[in-house]
Amino acid sequence: MSTSSATNPLQPIRRDRPVGRYAPSPTGELHLGNLRTALLAWQSIRRQGGIFILRIEDIDRPRTVPGAEARMIEDLRWLGLDWDEGPDIGGPAAPYRQSERDDIYSAALKRLTAAGLTYPCICSRKELRGIASAPHGPDGPVYAGRCRGRDPRELAAHPAGASLRFLVEREPLIQFVDRRLGHQHYDLMQMSGDFIVRRRDGQWAYQLACAVDDGLMGVSEVIRGGDLLDSTPRQLAVLRALELPEPVYEHLELVVDEAGQRMCKRDGSVSIGAIRQTGMTPAAARELIMSQPVKHH
Ligand code: GLU
């Protein structure tokens, strides 16, 4: 147990072995794509004799489904996965549920703000979508910094409150080496612009929570779906600004259905529940998961 983390919530856990994680959002049942990611992340760490973490990414409360976390834990165990740290067993970097890490994200935000790297924004999504000239990035219009330097009185008077954005201008160029895809190079000014770290309703943004957690939990390898490749430069920007250790990233191919469409949790036909209902053994399920067609990113 790290004693320093009690005094400084932004002190990363010291690790002497590789650390991996699986970080599902409890918004429904796990599907074949999620399970492939979980298996590959787990196998990689087990091969290296490292530490595997289960982290529940439940900051998006309206999308969190009651009971989904317990179900995921039961399904992952049935499949044969185990973890050394997680919400059900605790560990040195607890809590392992994002909904319980408010104080930690607040401390991170405070540090970013003290470094002059955040600012409040009162632009609504509708307003931003209405700017016809705004270039589009992977997650919508690129934010051109409309609220940078806005009068604090104007912000304070805004009835709907303000979100907080991370200022990318100082270090917009992000490079990293993806273990599967090789060298990656992004310009955040073109990709997202200043991105949201806390929404106006107070909800933490995934980019902030995930980066802070990976850094503080001492995660050394992040193996996840290729759909999150676009998030990595934003998460690295946060990690670098907070001077937290950076994991190595590996973004996987996406599992597709027969029609070549990406799987999503809403599609019940490929859920773990459906697999279990067939009476298949865990070993057969693992084989099925690993033999799914994938689309190269
Ligand atoms: N919670 C995210 C999801 O379920 C994954 C985040 C990550 O692996 O970084 O899609």
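Bear in mind that the values in this text are calculations on the coordinates, not laboratory data. A quick note: this is a predicted structure, and the numbers were derived from the prediction, not measured. With ideal geometry, Cβ positions are generated from the backbone for all residues, glycine too; neighbour counts draw on all protein chains shown.
Structure data summary
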read-out	value
Semi-axes of the equivalent ellipsoid for segment 93-248, Cα gyration tensor, largest first, Å	26, 20, 13
Footprinting exposure proxy for MET72, MET189 (fewest neighbouring C-beta atoms within 10 Å first)	MET189, MET72
Spacing of the two label points (7 Å from each Cα toward its C-beta) at VAL294 and GLN11, in nm	3.9
Max mean-square fluctuation residue, GNM over the chain, Cα-Cα springs under 10 Å, options ILE131, ILE73, ILE196	ILE131
The chain - Rg (one decimal) and Dmax (whole number), Cα, Å	19.7, 63
Label-point separation in nm, GLU243 to GLU169, each point 7 Å along Cα→Cβ	2.4
Positive dipole terminus of the chain, leading residue within PRO9, ILE131, GLY49 (C-beta point charges)	ILE131
Estimated translational D of segment 1-69 in µm²/s (Stokes, Kirkwood radius over Cα pairs; 4 °C; 1.567 mPa s)	92
Set of segment 185-221 residues, backbone N closer than 12 Å to the point 7 Å along the Cα-Cβ line of ALA160	200-201
Segment 146-297: relative contact order in percent, alpha carbon pairs under 8 Å with at least 6 residues between	20
Rounded to the nearest 20 debye, dipole of segment 101-232 from Cβ charges on Lys, Arg, Asp, Glu	380
Top of ASP257, ASP88, ASP16 by mean-square fluctuation, Gaussian network on the chain, Cα under 10 Å	ASP16
Per residue convex hull volume, Cα atoms of segment 162-264, in Å³	123
Dipole axis of the chain (+1 Lys, Arg; -1 Asp, Glu on Cβ), positive-most option in ALA284, TRP78, SER99	SER99
Residues PHE176, PHE166, sorted so that the one with the fewest Cβ neighbours within 10 Å comes first	PHE176, PHE166
